[in-house]
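Have a look at the structure below before the remarks.
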Amino acid sequence: MSATIAEPAQVPLHLGDVPQAPPRRPRVLLIGTAFAAAASVAVFVGLFAVYFSVRSQVVADGTAWLPGGATIPLAPGNMTMVTLAMSLVTVQWAVHAAANRDRGHAYTALGVTILFGLAHITQIAFLFTEWQLPLNGDAVTTQAVLLFTILGLQIAMTGAALIFLGLMAVRSLGGQFTGPDAEGLSAAALYWYVTVAVYSVIWYSILIVK
Amino acid sequence: MTVTDTEAPPAVTSAAPALAPPRPATGFAALIGTGDHRTIGRLYIGTSFLFLLASGVAGLLLGAERLDTSGVDVVGVDAVAEVFGIHAVAGVFLFLLPLLIGLAIAVVPAQVGARTIAFPRAAAASYWTYLIGGGIVLASFAADGGIGGTDADTVALFLAAMIVVLASLSLAAICIATTGLALRTEGMSLRRTPLFTWSNVVAAGIWLVTLPVLAAILLLAYVDVKYGPTFLAGGDQLYLRISWAWSQPTVYMYAIPVLGIVGDIVPVAARTRLTQHRIALGCIGAFAALSFGAWAMPGFNPSLDGPLDLAYTDEVPFVAVSILILLPLLAMAGLVADTIRKGTARLVSPLVWGLAALVMLLAGAANGALVSIDPIDLINTTGQSAQTHYVLGAATLGLLGGIVYWAPVLYGRRFPEGPSTALAAGGLLGTIVLALPELIAGLLDQGALLGGPAADASSGDVDAIEALNIVSLLGGAILALVALGFVGLLLKTATARRDGEGEAESDPWEGHTLEWAGDEPPAITSEAPVYDARHAEVSS
């Protein structure tokens with residue numbers, strides 16, 4: 001007995017009847033944010049260049065980098081690094097949830113990320129009170145100027161990233177940045193990643209290595 | 001059963017009185033709230049010329065100061081550093097860069113077929129921030145602040161205002177670059193991007209990794225001045241810390257869009273396509289990459305008055321960049337020459353401006369190569385000032401040519417050809433007469449910062465240097481006259497539309513790119529779509 005397999009019927013494709021996909025929205029915000037992030041990184045590269053240049057000269061002279069009495073405790077810096085590392089997960093969670101129109105998770109993740117960011121700011125502010133490097137009075141040192149400038153600017157960058165995240169959260173609440181158009185949250189997340197990357201350089205090369 | 005007869009509601013015969021639509025803002029309110037890229041561009045252009053006045057007057061005072069090299073008599077020893085600072089800071093960050101940005105904001109969206117610039121509100125905010133920041137910068141100079149200032153509070157004010165200016169210009173650069181990358185119309189790949197747009201995209205990229213570095217130095221200086229000082233002794237050392245921003249190789253980044261302007265003007269004037277558009281894109285990209293110079297800043301010394309470490313000028317990267325940058329320029333010049341040779345060139349005024357800019361840029365790059373050769377010993381002499389003047393002069397000439405070329409897009413009217421051509425020739429002459437004597441005086445060891453001739457200079461050298469300084473001042477005076485003449489023509493052109501003078505010309509040059517296409521842009525099939533469409537009509 002032989003079985004014959006019927007040829008599948010040729011189904012004509014009426015591609016002309018298929019509605020065209022809507023044109024993709026240009027990723028203006030994402031590209032603009034990438035440029036802004038590059039500019040932010042360039043600011044820190046400039047500051048790091050001066051920091052390492054001055055530090056190498058001081059060390060080459062045979063003196064300790066930190067002036068007498070000054071100390072940089074490890075705990076606040078380490079804790080805030082861990083906090084920011086966790087925020088990398090939560091911010092990506094927010095982007096993923098928004099892309100899947102899962103508003104509940106998106107808002108939860110954004111809220112937790114913003115909380116982590118605020119925690120980072122308070123931990124660095126605590127570090128400022130601990131390291132015995134005065135920035136006012138007669139005992140101001142080059143080290144104090146450099147460290148306060150770099151870490152202070154990183155706090156400012158974190159603040160800007162938090163405002164950006166908050167704005168995008170509000171706009172996604174209005175339905176503007178969800179589903180395939182979650183570009184706004186992706187852009188805010190990109191800036192957040194860069195903010196954390198900048199802090200990780202500060203954490204290792206300034207707070208750990210000292 | 002009860003039947004309820006429901007009467008139909010009466011037909012609405014007259015519409016309920018609707019709320020009157022909000023009246024559009026007019027006058028100053030409209031200007032403040034505008035998000036129109038052409039208006040923002042025009043505002044940038046107009047304001048930058050106001051700031052040029054401050055830089056130009058300071059430059060002429062410095063030129064007069066050099067006439068007698070035995071002392072500092074014209075502006076006085078106390079003020080000379082501040083005058084120098086005004087000349088440099090206002091010339092670069094309040095005039096030239098905003099002028100570049102203004103032209104780009106107005107033209108780039110039209111070139112890529114976008115309705116508006118990316119982030120129009122941010123572009124508008126950048127303008128108003130620049131205006132306020134620039135005003136505070138000049139005011140701080142007047143109040144003993146700024147470079148060379150002795151009052152710590154006003155020096156700090158100057159630093160803060162400069163950071164604001166740099167932030168605003170960076171914001172504008174983000175808008176321009178994003179427009180060029182994200183808002184190109186369908187079919188316009190990067191390879192088909194008009195050269196002016198391409199040059200602005202790459203220039204904005206370089207500005208965005210250079211200006212923030214300068215802002216970082218200024219921020220550090222601000223904290224230092226405010227709470228220290230620990231390594232900046234007031235405003236005196238400030239000049240030495242930030243002068244890399246207008247020295248080789250960074251100085252070239254202000255001239256990147258000039259290559260795009262020349263690349264767009266030349267084929268239109270020659271009535272043909274640019275030879276090798278892709279190579280031109282590469283030349284501009286290579287020139288931009290080599291102009292990144294934030295690495296070439298003096299070293300920082302933690303002691304208050306430690307010597308400035310200029311060791312980088314002897315190092316291989318500095319010498320290599322200084323010489324290599326000639327290559328993309330020469331290649332671009334070759335493409336331009338070949339295009340003119342193949343086409344049927346018209347000597348229209350934008351072409352004269354553009355060619356003058358290209359020639360000056362080549363002269364500046366050659367001057368820069370000389371500076372980098374150690375045995376010639378031009379570092380810290382007026383030979384370096386000559387290079388800066390060549391390159392920034394080239395950038396200015398190119399930009400003015402761009403304004404002349406795109407005046408129909410910006411103002412709806414064309415510049416008068418005769419006066420515009422004469423001004424272009426005057427600009428070329430003025431730049432050469434300003435810079436060439438400085439180079440020769442540099443070879444005779446004249447110090448760059450009003451240091452006068454070297455201590456061991458012979459009396460013959462001193463006489464020669466003073467004679468050269470007279471010629472250089474004459475060049476500065478010619479450029480001042482050219483600037484005044486150009487502003488006069490600009491005002492006449494800008495107000496002609498309002499006054500109903502002359503005829504509106506939407507495409508007087510028979511342009512090749514989308515800004516000349518009018519209301520019905522053609523499909524993008526090459527880098528010169530309007531040229532293609534026009535020739536298709538002719539051939540059919």
Using only Cα atoms, locate the centre of region A:84-98 and the centre of region B:331-354, then give the distance between them in Å, rounded to an integer. 54 Å
Largest to smallest principal axis extent of the C-alpha atoms in region B:34-246, angstrom: 62, 39, 30
Point-to-point label distance, B:His535-A:Thr71, nm (Cα→Cβ direction, 7 Å offset): 7.7 nm
Could you tally the net charge around B:Ala143, taking each other residue with its Cβ under 11 Å from the Cβ of B:Ala143, Lys/Arg +1 and Asp/Glu -1? -4
If you average the C-alpha positions of region B:34-113 and of region B:461-530 separately, how far apart do those two centres end up, in angstrom? 17 Å
Taking each residue in B:167-177, count the Cβ atoms of any other chain within 10 Å of its Cβ, then average. What number comes out? 3
Calculate the spin-label point distance for B:Asp519 paired with B:Ile32, positioning each point 7 Å from the Cα along the beta-carbon direction, and give it in nanometres. 3.5 nm
So the angle from the long Cα axis of helix B:120-142 to the longest Cα principal axis of chain B, reported in degrees to the nearest 10, equals 30 degrees
Distance cut-off 21 Å, percentage of C-alpha pairs in region A:114-210 lying past it: 43 percent
Just to verify a number: FRET efficiency for B:Val77 and B:Arg498, C-beta to C-beta distance, R0 = 60 Å, to 0.05? 0.80
Between helix A:28-60 and chain A: long-axis angle, C-alpha atoms, 0 to 90°, nearest 10: 30 degrees
Between A:Asn78 and A:Ala38, what is the FRET efficiency for a Förster distance of 30 Å, r being their Cβ-Cβ separation, to the nearest 0.05? 0.60
Once both labels are modelled 7 Å past Cα along the beta-carbon direction, what's the B:Ala425-A:Ala64 spacing in nm? 7.4 nm
How would you rank B:Tyr531, A:Tyr199, B:Tyr227, going from fewest to most other Cβ atoms within 10 Å of each one's own Cβ? B:Tyr227, B:Tyr531, A:Tyr199
For B:Thr381, residues with placed amide H under 5 Å, excluding near neighbours: B:Ala448
Average beta-carbon neighbours from other chains, 10 Å sphere, peptide B:109-122: 1
If a/c stays under 1.5 just call it rounded; otherwise compare a/b with b/c (prolate if a/b is bigger, oblate if not). Do that for the protein assembly as shown, with a ≥ b ≥ c from the square roots of the Cα gyration tensor eigenvalues. oblate
Average other protein chain Cβ within 10 Å of Cβ, residues A:136-148: 4
Between B:Glu505 and A:Gln176, the FRET efficiency computed from the C-beta separation at R0 = 51 Å comes out, to the nearest 0.05, as 0.75
With Cβ to Cβ distances under 13 Å as the rule, what net charge do the other residues near B:Ala64 carry (K, R +1; D, E -1)? -3
Which residues does a label at A:Arg103 reach in region A:157-198, if reach means a backbone N under 13 Å from a point 7 Å past the Cα toward the Cβ? A:170-179
Quick note on B:Asp224, B:Asp314, ordering by fewest other C-beta atoms within 10 Å, gives B:Asp314, B:Asp224
Once a ≥ b ≥ c are taken as the square roots of the eigenvalues of the Cα gyration tensor of region A:28-208, is the result rounded (a/c under 1.5), prolate (a/b larger than b/c) or oblate (a/b not larger than b/c)? prolate
To the nearest 10 degrees, how steeply does helix B:97-112 sit against the main Cα axis of chain B, on a 0 to 90 scale? 30 degrees
In chain B, if every C-alpha pair distance is counted and binned at 10 Å from zero, what percent goes to each bin? 4, 18, 28, 25, 13, 6, 2, 1, 1, 1, 0, 0, 0
Only counting other Cβ atoms within 10 Å, I'd like B:Glu520, B:Glu438 sorted with the fewest neighbours first. B:Glu520, B:Glu438
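Rule-based calculations on the coordinates, nothing more; no lab input. On a predicted model such as this, the values are computed, not experimentally measured, just so you know. Virtual Cβ from ideal backbone geometry, glycine too; neighbours counted across all protein chains shown.
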